[in-house]
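This report concerns only the one structure given below.
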Amino acid sequence: MSLPRVDLLIVGAGPAGLSCAIEAKKAGLSVRVLDQGGLVDAIRRFPVNLVWFSTPELLEIGGIPFPIAGVRPTRVESIAYYQRVASHYALDVVPHRRVEAVEPVADGFRIVAAGGELHMARFVVVATGYMDTPNRLGVEGEDIPTVLHSYDEPFRYYGCDVAVVGGRNSAVEAALDLYRHGARVTLVHRGGALSQGVKYWILPDIENRLKAGQIRGQFTSTVTRFRRGVVEVTSPGGQGMVKADFAFVLIGFRPDTSLLLRFGLRVDPETLGPVHDPETFETSRPGMFVAGSVVAGRFNNRIFVENGRLHGAAIVSALLRKTR
């Protein structure tokens, strides 16, 4: 099946991709958005009780206000907001369409989605983010069923011994949530202290829980092996074991370079990001652009929703110059 040709096809229906679509529609271009999941699927997969670090005005796109009940938006409020924005602009979002290939043709690109569905577009924006590929420790036992690389909610782990590996926001928030819902938690971190980037309103909470022994801290410790019921670690004091019915490895994410290469883009070997013009976001393949956090490669602490949402205006301005 082949859908009608569009001026711009966007791969990724996160805030950056939606922002690009809105800017394109405002410029009078036809646009379609494909995503392997649902709308803002990465946000949907955030921990259930997540509260953003940002205030709502920094997450707004398309000039649509983001009213909330409190000071910082919740995961649910964010999903509802971006759904409302997509409906307001009547964006052509096609969910659950994984893009398998992007092939250049004489007048643009041929995009092949899973199942052989074909799309034709003059320009393409890749806004796939980075949260589909969690970082791994690369140690023995990491693939056993009780070792998890993402966190959703605590209720399954009541009464269990749980190890949380990491020292940044994701690990700290998971450790606190698990503790408050009846799990016995050990926070394992290779550093001697928590990351300086931990949210300022959470830091006193985790520090007090560690000081009181309500959450056990295993710092300056490197995980060497996972076994059922046990996490083996190496620390300055030697080899040790952490009792764990479950373990969460929450050490961030990495870019999916295989996807970028499959799309025919050059990848910088140092940053693992797509080679692109920093002003226009056009890649090594003319007519293809990148937007959002995928731009930064492994330095994904440099681009968030707050600044990735601004890429759309620059990209649409650049591709409009190509159409004149």
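Worth a mention:
- Filtering the range 104-126 to residues that are part of a strand (DSSP E or B) and without any contact (Cβ under 8 Å) to a residue 60 or more places away in the chain leaves V105, R110, V112.
- With respect to the conditions (1) assigned to a loop (DSSP other than H, G, I, E, B); (2) free of Cβ contacts under 8 Å to residues at least 24 places away in the same chain, R97 falls short on a single one, namely (2).
- Looking only at the range 34-44, and only at residues there that are of a type outside the set (A, V, I, L, M) and surrounded by 15 or more Cβ atoms within 10 Å (Cβ to Cβ), the one that is nearest to P15 (Cα to Cα): D41
- Only one of L272, L261 that is free of Cβ contacts under 8 Å to residues at least 12 places away in the same chain and farther than 30 Å from C160 by Cα: L261
- Hey, R168 surrounded by fewer than 22 Cβ atoms within 10 Å (Cβ to Cβ), in contact with a strand residue (DSSP E or B) (Cβ under 7 Å, 6 or more places away or on another chain) and either over 26 Å from V48 (Cα atoms) or basic (K, R) (or both) or not: no
- The test for being under 25 Å from F53 (Cα atoms) and at pLDDT 95 or above does not hold for A314.
- Residue count, the range 295-324 (criterion: within 21 Å of P56 (Cβ to Cβ), part of a helix (DSSP H, G or I) and without any contact (Cβ under 8 Å) to a residue 40 or more places away in the chain): 1
- Test: residue in the range 220-230 that is out of contact with any helix residue (DSSP H, G or I) (no Cβ under 9 Å at 6 or more places or on another chain) and more than 24 Å from P145 (Cα to Cα): yes
- E140 meets the conditions (1) under 29 Å from L39 (Cα atoms); (2) in contact with a Lys or Arg (Cβ under 7 Å, 6 or more places away or on another chain); (3) not aromatic (F, W, Y) in every case but one. The failed one is (1).
- If you filter the range 22-33 down to residues that are in contact with a Leu (Cβ under 7 Å, 6 or more places away or on another chain) and not in a helix (DSSP H, G or I), you find that the one that is surrounded by the fewest Cβ atoms within 10 Å (Cβ to Cβ) is A27.
- Counted residues, the range 1-21 - those being among the hydrophobic types (A, V, I, L, M, F, W, C) and surrounded by fewer than 24 Cβ atoms within 10 Å (Cβ to Cβ): 3
- Any chance I10 is within 13 Å of V93 (Cα to Cα), assigned to a strand (DSSP E or B) and not acidic (D, E): yes
- Only one entry of I68, I61 meets the criterion of being under 23 Å from the mean Cα position of the chain (by Cα) and closer than 26 Å to S317 by Cβ, and that entry is I61.
- So G38, is it over 20 Å from the mean Cα position of the chain (by Cα) and either under 30 Å from H181 (Cα atoms) or part of a strand (DSSP E or B) (or both): no
- Matching residues in the range 41-55 - criterion: being out of contact with any helix residue (DSSP H, G or I) (no Cβ under 8 Å at 6 or more places or on another chain) and part of a helix (DSSP H, G or I): D41, A42
- Breaking point among (1) within 20 Å of N135 (Cα to Cα); (2) aliphatic (A, V, I, L, M); (3) out of contact with any Ser or Thr (no Cβ under 7 Å at 6 or more places or on another chain), for V233: (3)
- Out of P274, P255, one residue alone is under 20 Å from the mean Cα position of the chain (by Cα), closer than 19 Å to P104 by Cβ and either surrounded by 21 or more Cβ atoms within 10 Å (Cβ to Cβ) or basic (K, R) (or both). It is P274.
- Condition check for G129: surrounded by 14 or more Cβ atoms within 10 Å (Cβ to Cβ), at positive phi, in contact with a strand residue (DSSP E or B) (Cβ under 9 Å, 6 or more places away or on another chain) and assigned to a loop (DSSP other than H, G, I, E, B): yes
The values are calculated or read from the model by the stated rules, or taken from the named source; none is laboratory data. The structure displayed is predicted, hence computed values, not measured ones. Note that each Cβ is placed from the backbone with ideal geometry, even for glycine, and that neighbours are counted across all protein chains shown.
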